[in-house]
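Asks: Please see the structure below; I have some questions.
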Amino acid sequence: MRRILICLFLFYSILLFSQEFIFTAKDKPNDDGSAILIEWDASDYEPDKIILERQDTKGNFLEIKKLSDFLGVFEDGNDINAGKTYFYRLSLYDVVGNLISQKSAQITAEAQWFNTEKISLLIMTIILTAAIIYFIYSARSGKELYIRKISGLESMEESVGRATEMGRPILFIPGTLDLDDMQTIAGLTILGKLAQKVAEYNTKLLVPVCRSMVLSTAKEVVEEAYLKAGNPDAYDPDSVFYLTDDQFGYVAGVDGIIVREKPAANFFLGAFYAESLILAETGFASGSIQTAGTAMPSQLPFFVVACDYTLIGEELFAASAYLSKDPHQLGSLKGQDLGKAIFVIVLLIGVILEIFNVHILKDFLSLH
Amino acid sequence: MKRKIPLIITFTVGVLLIIAEFIPHKPFGTLSGELEEWFLVISGFAIILGQLSLLKVNTFKIKYKQKDWQYSIITLASFFFMVGFGLLWGTGKSSGIFGHGEVISAVIGIKPFDYLFQNVYQHLQATMFSLLAFFIASAAYRAFIGRNLESNLLLIAAVLVMLGNTTVGGLLTSWLPESLNFLHLPKVSEFIMTYPTTAGQRAIMIGAGLGIIGSSLRIILGIERSYLGGE
């Protein structure tokens, strides 16, 4: 009996003292050294309170977080700098506030030179860029490239001609976003080509904008187009003008112009939000030929309904290359098509793999 | 030089930003954010250009009595009122040249700028936005006219989605047995919105994404220069 009791005491003691809680501090991978990951597991102790502290420059431990779960991961991104060493302490307390256990860890924050989580993105970028650059430069050989007809762009000449015959202006809206949006830039490149045709036909062009930076760029683009068309005197600096930055204020202004000036043709090319239908329906009611283009999927149905021609997504970005007929630019469109083909193949493989419960491709392509 | 310098800047910044996407280490990791801040600073200054344009165009209209010049008076008056009230008595918690305008605020309840903002501007904005409801109705009427196979399909899909999102839609098919639950109108509506619509939208987004990459490369490599005003 005594032996059994001794054995039980020893077993209990081993069990008690073998109770360990895990506490580690790790540098957050794939970052600029501005975060540290704290991992803990105190489920064996089931403490009432878990306090995480970090040592300050004076050597004092200051509480940074009261942890509510027995185990988990906490990201400390508060005032962490790459190359510096940080000391952490995790303390477990029972219900009456007695310290049960305490552990400390130290870690040096490091910045990485390559984000390994973006390797799939890098591979896709390289493939896509290589394909586009290859086709751009292979176009130099003079090989004829087939590009399908885009009705919305073919109609540009028709719209300018109609406006000239009717003696009415042409309205161009480069979207409602600023120059940092690619759709606005795509819209402005089309404006350049349109303005050149307008200058050739000596028609009036109206470009109300809602961003100051778009204003200066649009002015430059239109002025250069008139110069290129050999009709610089016809350029009216006030044909490109600013209305307001406010979304619906801008819509009210443009609607007013449509109703009063009754433009023969309206071009809505750029990024649009809720204003798309208001603009397009007002244009429809005034009887203008309307061409719209945007990469906003939620606004495309509105343009399709209310406009005569709609450039859907990528067509907006292809417009400049299409209109220029420059083989280099057309070559880039071929590169994009190859990219699309690659995407379709990868998607099909991904779907098949997922059906068979194999997640390798999905995991590889996922950006964390 | 007028063309070359912008092209060099575009190429350098473009390539740097592509590289920075994969390098978290300083200075690459913060490059994108820094440039975005630069953009905000520049666009802040550019607002002056916009205001000058607004003033110039409208002043000329009034001066030379151009067509519909009367509207320009309202534009300029609104502009000066708002700017003036903001400058003189401030907006929100910030004070203006004459402080917080306690005397005026005591009469109208809040600062003059905020009063006009809340009682005029916001209502005008809401009016414009509410026009959308009427335009949706007129556009939907035209879109849902059955002319051919595609428009008929669109019409059927639209009716199913609309009915599925109403209480009536749910009631119409509530008698269906559990085994035919997938034909319940709210379920059909949800299916159309989750699968065919999302698939179509994603296809457009992938195409647009590739278009953005293609356009960006053309601009970075200097092949596309029309945004600078030249070929």
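Asks: Under 10 Å, Cα contacts only: if you run a Gaussian network model on chain A, which one of A:G72, A:G249, A:G33 comes out with the highest mean-square fluctuation?
Replies: Evaluated over chain A, the most mobile residue of the options is A:G72.
Asks: Would you mind getting me the FRET efficiency between A:Q55 and A:N30? Use the beta-carbon distance for r and R0 = 30 Å, nearest 0.05.
Replies: Once the sixth-power term is evaluated, E becomes 0.70.
Asks: Which trypsin sites (Lys or Arg not before Pro) from region B:1-52 combine a DSSP loop assignment with at most 13 other Cβ atoms within 10 Å?
Replies: B:K2, B:R3
Asks: Can you give the FRET efficiency for B:M162 and A:F70, using 1/(1 + (r/R0)^6), R0 = 56 Å, r = Cβ-Cβ distance, to the nearest 0.05?
Replies: 0.65
Asks: Distance check, please: which entries in A:K149/A:K340; A:K28/A:K49; A:K204/A:K262; A:K193/A:K228 exceed 21 angstrom between their Cα atoms?
Replies: A:K28/A:K49
Asks: Longest span of chain A, sites excluded, free of trypsin sites (Lys or Arg not before Pro) in DSSP loop with at most 15 other C-beta atoms within 10 Å?
Replies: Looking at chain A, A:150-324 is the longest stretch - no exposed trypsin sites (Lys or Arg not before Pro) with at most 15 other Cβ atoms within 10 Å.
Asks: Can you list residues whose amide H is under 5 Å from A:K204's amide H, if they're 5+ apart or on another chain and H is modeled 1.01 Å from N?
Replies: Placed amide hydrogens put A:I170 under 5 Å from A:K204.
Asks: Please identify the helices of chain A, taking whole runs of DSSP H, that span at least 30 Å along their own axis as judged from the Cα atoms and have a mean Kyte-Doolittle score of -1.0 or higher.
Replies: Result, helices passing both filters: A:327-355.
Asks: Further question on the same structure: Using the Kyte-Doolittle scale, find the helices of chain B whose mean hydropathy is at least 1.0 and whose Cα atoms extend 15 Å or more along the helix's long axis, counting only whole DSSP H runs.
Replies: Helices passing the filter in chain B: B:4-20, B:69-89, B:149-164, B:198-220.
Asks: What is the average number of partner chain Cβ atoms found within 10 Å of a Cβ in A:132-140?
Replies: 2
Asks: Hey, another quick one. Pull up the cross-link candidates among the aspartates and glutamates for B:K63, meaning alpha carbon to alpha carbon under 20 Å and not fewer than 8 places away within one chain.
Replies: A:D236, A:D238, A:E261
Asks: Would you be so kind as to identify which of B:G14, B:N165, B:G92 lies farthest towards the positive end of the dipole of the protein assembly as shown, taking Lys and Arg as +1 and Asp and Glu as -1 on Cβ and the Cα centre as origin?
Replies: B:G14
Asks: When you look at the Cβ of every residue in A:298-305, what mean number of other chain Cβ atoms sits within 10 Å?
Replies: Per residue, the number of nearby Cβ atoms from other chains is 4 on average.
Asks: How large is Rg over Rh for region B:67-130, taking Rg from the Cα atoms and Rh as the Kirkwood inverse mean of 1/r across Cα pairs?
Replies: Radius of gyration over Kirkwood radius for region B:67-130 works out to 1.06.
Asks: Would you mind computing, in nm to one decimal, how far apart the modelled labels at A:R3 and B:T30 are, each placed 7 Å from Cα along Cα→Cβ?
Replies: 7.1
Asks: Report the Stokes-Einstein translational diffusion coefficient (µm² s⁻¹, integer) for the protein assembly as shown, Rh taken as the Kirkwood radius over Cα pairs, at 10 °C with viscosity 1.306 mPa s.
Replies: 54
Asks: I need B:F11, A:F135, A:F172 ordered by Cβ neighbour count within 10 Å, fewest first.
Replies: Lowest to highest Cβ neighbour count: B:F11, A:F135, A:F172.
Asks: How far apart, in nm, are the 7 Å Cα→Cβ label points at B:R142 and A:S151?
Replies: 1.4
Asks: Sequence gap at least 6, Cα distance under 8 Å: using those rules, report the relative contact order of region A:27-167 to the nearest whole percent.
Replies: The normalised contact order for region A:27-167 reaches 24 percent.
Asks: How many angstrom lie between the C-alpha centres of region A:305-368 and region B:127-192?
Replies: Using only Cα atoms, the two centres lie 30 Å from each other.
Asks: Give me a single rounded figure for A:219-231: the average over its residues of other chain Cβ atoms within 10 Å of their Cβ.
Replies: 2
Asks: Comparing A:D79, A:D245, A:D308, which has the greatest mean-square fluctuation in the GNM of chain A with Cα pairs linked when under 10 Å apart?
Replies: The residue that fluctuates most here is A:D79.
Asks: Provide the FRET efficiency to the nearest 0.05 for the B:V103-B:T59 pair, computing r from the beta carbons and using R0 = 41 Å.
Replies: 0.80
Asks: Okay, next question. Diagonalise the Cα gyration tensor of chain B and give the resulting equivalent ellipsoid semi-axes, square root of 5 times each eigenvalue, largest first, whole Å.
Replies: Ellipsoid semi-axes (Å, largest first): 45, 36, 23.
Asks: Moving on to the next point. If we count other beta carbons within 10 Å of each Cβ, what is the order of B:M205, A:M156, fewest first?
Replies: Listed from fewest to most nearby Cβ atoms, that is B:M205, A:M156.
Asks: Just tell me which aspartates and glutamates come within less than 12 Å, Cα to Cα, of A:K65; anything on the same chain fewer than 8 places away is out.
Replies: Candidates past the 8-residue exclusion: A:E53, A:E75, A:D76.
Asks: For chain B, what does the helix formula give at 222 nm: sum of -39500 (n - 2.57) over DSSP H segments with n ≥ 4, over the residue count, nearest 500 deg cm²/dmol?
Replies: Mean residue ellipticity, 222 nm, calculated: -23000 deg cm²/dmol.
Coordinate-derived values only; no laboratory data. It should be emphasised that the depicted structure is a prediction, and the values quoted were computed from it without experimental measurement. Cβ: placed from backbone, ideal geometry, glycine included. Neighbour counts: every protein chain shown.
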